[in-house]
Amino acid sequence: MGQALRPTADPAWLLSEVGYDPLRESSFETRVAISNGFLGLRGALATDLGACRTLPPRTYVAGLFDTALVGAPIPERLPAPDWLQLRIGLPDGPYLACPDPSSRDVTLDMRRGLLLTQIRQPPGAALDIRLSTLRLVSLDMRGIVLQLVELAVEQGMGEITLDVTSGEASPLLIPVTTEPDLGVWRTRQSGKTLAIAMDAAVVIDGRTQPPTVRTAGRWSWSLRVQAGQTVVLRRNLAVTRGDEPVDDPGGRARSDLALATGLGWRGLLERHETAWRERWDRSDVVVEGDPEAQRALRFAVFHLNGAADPGDERVSIGARALTGDDYLGHVFWDTEIFLMPFYAMTWPQAARALLTYRYRTLAAARAKAAGMGWRGALYAWESADTGDEATPAQVVGPDRKVVDILCGTQEQHVSADVAYAVWQYWQATDDTAFLLEAGAEIILETARFWWSRAGLEADGLHHIRGVIGPDEYHETVDDNAFTNVMARWNLLRGLDIAALMGERWPDRWATLSTRLDLAADELESWRRTAAAMATGLDPETGLFEQFQGYHDLEAIDLSAYAGRSVPMDVVLGRERTQASQVVKQADVVALLALLPDEFPGDADAVNFDHYAPRCGHGSSLSRALHGVAAARLGRSELALGYLRDTSAIDLGDSHVAIAGGVHIAALGGIWLVAIFGFAGLVVHSDGLSFAPRLPAGWTRLSFPVQWRGRDLVVTVDLVRNVLEATLRGGDTMVVSVGHVRRTLSVGWPIRIPLPSTPSPVAA
Ligand code: BGC
């Protein structure tokens with residue numbers, strides 16, 4: 001087993017931590033969490049730490065939501081009962097009641113998707129035992145977990161006990177089956193079931209030892225060991241979720257477990273590592289000349305690959321993925337805007353599953369719009385399993401005061417964001433089946449929402465009043481530029497879809513338009529709404545006003561607050577922040593990143609230069625979109641600063657705890673800065689174009705992308721001053737840099753010289 005427990009040799013694939021610092025432990029457990037889109041496992045030590053533990057170990061199961069019995073009826077993702085506990089009893093007490101600061105070595109092996117630990121008992125114990133562990137959630141069979149624990153007895157002789165126990169289940173999980181090898185629970189209210197089947201074996205020097213105790217919740221072994229012996233504990237788990245009353249998750253868990261046990265730990269490990277190799281082959285971004293950026297990208301791509309499950313269309317990715325409790329597992333615009341490009345361009349099957357989740361929740365979005373007096377579909381700002389609005393009405397703010405949360409009713413841009421993601425996915429994949437079965441309906445129903453929402457007023461313009469834009473410091477604002485321009489874009493894409501379907505798939509169009517009761521005169525009315533949408537654009541200067549009246553608010557020089565450690569709304573207080581121009585996060589700049597064509601001429605620089613200094617970056621999502629915009633403006637050093645600051649949120653050894661989980665949207669944003677920003681990728685209908693603008697120090701940037709069934713690897717090589725593209729599969733396509741367009745075919749890599757000056761902003 002020794003080889004399996006040794007990490008990948010190249011340190012660029014590893015995230016390691018030696019020692020134990022209780023203050024940083026919960027952040028560290030987040031950082032080294034492993035997940036596969038269905039299961040997420042925080043990096044807590046398996047061995048019972050007693051009083052030292054900061055957070056209980058967590059196993060998350062995607063889509064396992066229920067609503068708390070008391071308090072606001074908000075669905076929350078329930079952790080599975082903790083199965084990871086292992087208590088090792090030695091002749092003179094428990095093994096590692098509290099680890100010696102220097103005794104522990106934890107390594108996240110990102111290449112292989114494993115968490116490895118090495119722990120050494122402090123000297124002086126009756127038995128000197130070296131403990132090595134390996135843990136994985138299979139990327140090949142997503143319900144399967146494998147844990148290997150190796151105890152090497154270095155010195156001494158004596159009796160040891162190994163206790164494998166299951167912790168308490170959430171009070172929202174009611175036990176249905178409690179057997180030694182199977183637990184089944186059902187949620188109190190949401191009608192879901194969870195099953196965990198377990199198999200464990202202890203082997204000493206090749207001989208399997210039967211457990212001395214084998215009850216539900218506890219398997220135990222008593223063993224006599226001596227120096228030179230190795231004890232191995234292998235534990236397999238099969239976890240299943242049932243969504244319907246007829247589901248038999250217990251039966252499925254048992255048969256999945258039998259399959260996994262049949263493969264043996266080596267077979268399981270091999271299949272898991274192969275699955276990770278394939279994912280890395282499709283997604284690894286390689287940077288030469290900047291090890292820090294390389295580390296940021298590898299970490300980001302690792303967690304992005306672990307966050308999605310292409311096989312589950314009932315779930316999407318929560319704001320902290322499957323790595324922490326924050327935001328209760330809820331799904332925000334984060335998925336569509338910050339994560340979708342990565343999936344659409346490297347893992348279309350995962351992207352499709354995520355968008356299908358939005359299709360499955362379309363009925364809830366329609367009901368939300370209708371309930372508020374509008375037509376079409378208004379997606380939940382916070383979405384859980386059903387798609388019903390899940391935003392809490394109140395929370396405790398950063399200043400510890402209870403504040404009302406209006407996002408659930410006012411932050412409506414999410415509907416346009418979902419439509420945007422559908423369109424991007426379709427452009428990237430040409431997945432017509434998805435468009436016809438689901439995507440078109442999402443775009444049409446969200447367009448219809450904006451049409452009903454944007455009222456025509458006496459000035460001849462359509463206004464959208466009383467919203468919150470991405471900048472959540474300002475509530476109940478009128479004509480938020482981001483919202484209105486995205487809404488207009490949504491209406492126009494709705495019209496495009498109607499025209500396209502009418503032309504190419506007239507029968508499908510006839511069926512869909514009849515079902516949606518979408519007549520030609522309504523479409524005509526959409527066109528008029530889009531044409532007369534208020535946007536706050538000053539045609540003289542090219543500057544958007546973030547919302548009506550924004551320019552009149554108090555201007556605050558944020559440079560005077562440089563180095564602050566709390567968000568600006570805490571520094572200034574809520575009221576003053578609301579009355580100021582301080583922006584929580586990219587808002588007009590987000591629009592610039594998403595729809596650069598809306599900023600002709602030098603309007604891109606005008607808006608960036610106006611809004612970037614006003615932004616307090618009070619959200620982890622903010623800097624990455626600034627980075628994309630800055631890179632496209634050719635300001636690569638500035639963009640690199642945004643990338644580094646974004647990466648520091650999860651990777652930096654800062655005082656800010658990330659116990660609540662990784663900031664998966666920020667991690668998606670890091671990929672966006674590299675690929676859409678520095679490589680300047682733009683998706684066209686006949687191929688891909690690039691406008692590389694690498695920051696100083698980066699000599700090479702290489703990455704794979706998928707485009708409409710093609711699989712290519714792109715390398716920006718500043719040593720040879722070329723962009724190289726190799727097609728690994730799929731039909732001939734066009735790749736262009738600046739004005740040079742080349743045809744790319746399998747077997748014929750191309751090299752396009754890079755322009756000597758940075759290319760203009762890609763259209
Ligand atoms: C941000 C939102 C984001 C949410 C979840 C909030 O603080 O303002 O834009 O969707 O966090 O990440």
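The values are calculated or read from the model by the stated rules, or taken from the named source; none is laboratory data. Computed from a predicted structure; not experimentally measured. Cβ coordinates were reconstructed from backbone atoms using ideal geometry, including for glycine residues, and neighbour counts include every protein chain displayed. Heavy atoms of the whole protein, side chains included, go into the accessibility calculation; ligands, DNA and RNA do not. Shrake-Rupley method; radii C 1.70, N 1.55, O 1.52, S 1.80 Å.
Brief remarks follow.
- Qualifying GluC sites (Glu not before Pro) for region 451-557 [loop in DSSP, other Cβ within 10 Å: at most 10]: E540
- Debye, to nearest 20: dipole size of region 292-678, +1 on Lys, Arg Cβ, -1 on Asp, Glu Cβ: 620 debye
- Region 679-763 - percent of accessible surface contributed by carbon and sulfur, probe 1.4 Å: 55 percent
- Between region 313-340 and region 489-516, the Cα center-to-center distance that results, in Å: 30 Å
- Carbon and sulfur %, accessible surface of region 11-281 computed with the full protein complex present, 1.4 Å: 51 percent
- Farthest positive-ward along the chain dipole, Cα basis, beta-carbon charges - from H663, H551, L173: L173
- Charge dipole magnitude, Cβ of K and R +1, D and E -1 - the chain, Cα centre, debye nearest 20: 1820 debye
- Element breakdown for region 292-678 at a 1.4 angstrom probe: carbon and sulfur atoms account for 51% of the accessible area.
- Rounded to the nearest whole Hz, the Karplus-based 3J(HN,Hα) values (6.51 cos²θ - 1.76 cosθ + 1.60, θ = phi - 60°) of region 213-222 follow the sequence 10, 8, 10, 4, x, 8, 10, 9, 10, 10, with x at glycine and proline.
- Anisotropy class assigned to region 258-327 is oblate, per the alpha carbon gyration tensor with a/c at or over the 1.5 cut-off and a/b no larger than b/c.
- Sites excluded, trypsin sites (Lys or Arg not before Pro) in DSSP loops with at most 11 other C-beta within 10 Å, longest stretch of the chain: 1-399
- Ranked packing of 198-206, 586-594, most packed first, by mean Cβ within 10 Å: 586-594, 198-206
- Separation of alpha-carbon centers, region 242-306 and region 341-390, rounded to whole Å: 25 Å
- Top positive-direction residue, dipole computed over region 292-678 with Cβ charges, set V418, W489, A307: A307
- DSSP-assigned coil residues among GluC sites (Glu not before Pro) in region 87-183, each with at most 14 further Cβ atoms within 10 Å: E168
- Using θ = phi - 60° and Karplus 6.51 cos²θ - 1.76 cosθ + 1.60, couplings along region 201-212 (whole Hz; Gly, Pro as x): 9, 10, 10, 10, 6, x, 9, 6, 9, x, x, 7
- Whole-Å distance, taken between Cα centres, linking region 692-714 and region 7-21: 27 Å
- D309 accessible area, assembled protein chains, probe 1.4 Å, Å²: 20 Å²
- Shape category assigned to region 98-176 from the gyration tensor of Cα positions, a/c cut at 1.5: oblate
- Amide H to amide H, with H built 1.01 Å from N, R728 comes under 5 Å of D711, L712, V713, counting only residues 5 or more places away or on other chains.
- Solvent-accessible surface (1.4 angstrom probe) belonging to H663, in square angstrom, nearest 10: 30 Å²
- Applying the Karplus relation 6.51 cos²θ - 1.76 cosθ + 1.60 with θ = phi - 60° to region 179-186 yields 3J(HN,Hα) values of 10, x, 10, 8, x, 10, 10, 10 Hz, where x marks Gly and Pro.
- Rounded accessible area per residue of the chain, 1.4 Å, Å²: 37 Å²
- Estimated at the nearest 10 Å², the accessible area of S565 is 90 Å² with a 1.4 Å probe.
- Nonlocal amide H pairs with Q189, under 5 Å, H built at 1.01 Å: T67
- Hits among aspartates and glutamates - C-alpha to C-alpha of K368 under 16 Å, sequence gap 8 or more where chains match: E382, D385, D388, E389, E411, E445
- Rounded if a/c under 1.5, otherwise prolate or oblate - region 214-312, Cα gyration tensor axes: oblate
- Lys, Arg +1 and Asp, Glu -1 on Cβ, resulting dipole of region 11-281 about Cα centre, debye, nearest 20: 240 debye
- Positive-pole candidate from A296, L39, L322, dipole of the chain, charges at beta carbon: L39
- Proximity of backbone amide H atoms, modeled 1.01 Å from N, is registered between M533 and H462 at under 5 Å, excluding neighbours fewer than 5 places apart on the same chain.
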